[in-house]
Amino acid sequence: MKLRSPLALVLSLVALTTVWPAPTPAADNGEVVFNQNCQLCHTPERVRAKHLTKEEWQQVMTKMIGLGCPIRSSKKNQELVLDYLVRTQGPAGAAVAQAQPGAKGAVRVYVVDEESQDVWVLDAATREVIGTAKVGALPHGITPSPDGKSLYVTNMGSNDVTIIDTATLKTMSMRGAGLNPHESAVSSDGRWLYVSNPSSNTVTVHDMTTHSPVAVIPVGRFPHGVELSPDGKRLYVANRDAGDVSVIDTAARQVVTTIPTAPDSHDLAVSPDGKMLYVVSTDADLISFVETAQGRVVKSVKVGRAPYGVVLSPDGAVLWVADTDSQDVEALNGLTGEVIATIPVTGGPRDVALSPDGKQLWTANAEANTVSIIDTTQRKIIATIPVGKHPIHVLVRAR
Ligand code: HEC
């Protein structure tokens, strides 16, 4: 197709959309419509540089229609894009407000169910189930890509990673992990996915632009939890059978130190400043506080029975732990390890995740096939919702 003038371009685009009308978009398809219409004449960056009110975006839209934007032909699409722009590029500060669990559609909850082999997707505000995605056999860990567009689910039974598109909940399988891939962590630029493979005693590194493995790093015995340091330079791997943590230099892709912790070191969390590492020893019922600079345990804190998931408050002050066998969630002082609160949670809480604002703690209760929401200020359960079979991981994320 040969075009002579911008007007011809616009006209032919209008013609195109007339001949092949876009399928009627679903309620949250604003981004799709935006991509189809608002990049025809200029880069999306021109639009992204702005933070405007709804009225101001309406004015821009009217102007673009005047300039020949084909969105002219669909009132519905105009509304979708307007909603999308206000949602993602409202006035300064609006982005933060959007991340509150109070705003419908702003925050999503993803629950990995080991036995029903799926991921349930809930709206954090309405607590409604938005959809489910089938994944591989015996799914376990779940990691969001930094741009929020994908989720990576490690499947222990099918030895692969399911990639879920968060917009459509469509899935694809990525091969190349080791045996029984358990957990993963992703670099802040989204390029590298690190997967722990307990039965191969390795971490595999996957290039997410090509979805292929590029390195295999031998670590300690039976590696499970993996976490990156905030600067991305170190990858911490908790080795259950070795009772230690392998510290990987991500640039060199090799283990540079091994920190002895306690038997059955299973899961871990890193403080926002990167100075402290919290290592959960499930069978030993304790959490090792590790100073990363010295690479040694500075405190050992006894918790409830069979602790699994841990999460830190956004400011690093409070460490939340799910104790599966004693059926509770504990809040510890992130510095001293002192127990601040113990909240009973029935049904074998296995994992915990915080809302972006830190106000809600979601728990995955494996035996009860439910998730519970704890108000972190009142420190009590405010809701419990049925999900799939044997929920073992939960992730809460702003859209
Ligand atoms: C037909 C071509 C065309 C399409 C399609 C188009 N624009 Fe534009 N856009 C322009 C032109 C031309 C300008 C520069 C206008 C000017 O300099 O006054 C512009 C400028 C802008 C600006 C900067 C405005 C300002 O006042 O600084 C924004 C924001 C913008 N467009 C948003 C959008 C959005 C949102 C859409 C999709 C609904 C869109 N554009 C679709 C042609 C287009």
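Only the coordinates and a few stated rules stand behind these numbers; no lab work does. It should be emphasised that the depicted structure is a prediction, and the values quoted were computed from it without experimental measurement. Backbone-built Cβ (ideal geometry, glycine too); neighbour counts: all protein chains shown.
Take 284-295, 357-368, 55-66 and order them by the average number of nearby Cβ atoms within 10 Å per residue, most first; the result is 357-368, 284-295, 55-66. Sorted from longest to shortest, the spans of the Cα atoms of segment 176-308 along the three principal axes equal 44, 30, 22 Å. Along the charge dipole of the chain, pointing to its positive end and built from +1/-1 on Cβ of Lys, Arg, Asp and Glu, which listed residue (V129, A353, W57) has its Cα farthest out? Value: W57.
Which net charge results for the neighbourhood of M156, defined as the other residues with beta-carbon distances under 14 angstrom from its beta-carbon, given Lys and Arg at +1 and Asp and Glu at -1? Net local charge, M156 excluded: -4.
Using the rule -39500 (n - 2.57) for each DSSP H run of four or more residues, divided by the residues of the chain, the 222 nm mean residue ellipticity is -4500 deg cm²/dmol.
Taken about its Cα centre, the chain carries a charge dipole of roughly 1640 debye when the Cβ of each Lys and Arg holds +1 and the Cβ of each Asp and Glu holds -1.
Computed from backbone phi with θ = phi - 60° and the Karplus coefficients 6.51, -1.76 and 1.60, the 3J(HN,Hα) list for segment 56-61 is 5, 5, 4, 5, 4, 4 Hz; x is used for glycine and proline.
If you take the Cα centroid of segment 248-277 and the Cα centroid of segment 340-399, the two points sit 26 Å apart.
With a Förster radius of 56 Å applied to the C-beta separation of I65 and R296, the computed FRET efficiency comes to 0.30.
Taking the charge dipole of segment 103-398 about its Cα centre, with +1 at Lys and Arg Cβ atoms and -1 at Asp and Glu Cβ atoms, the residue from G243, S372, A103 reaching farthest to the positive side is A103. Each Cα pair under 8 Å and six or more residues apart adds its separation to the average, and for segment 272-334 the resulting relative contact order is 24 percent. Note on the chain: percent of Cα-Cα distances in each 10 Å bin, starting at 0 and stopping at the bin with the largest distance, equals 5, 21, 29, 23, 13, 7, 2, 0. Among the listed pairs K170/K380; K63/K104; K75/K104, those whose Cα-Cα separation exceeds 28 Å are K170/K380; K63/K104. Normalising the average separation of contacting C-alpha pairs (under 8 angstrom, six or more residues apart) by the number of residues puts the relative contact order of the chain at 10 percent.
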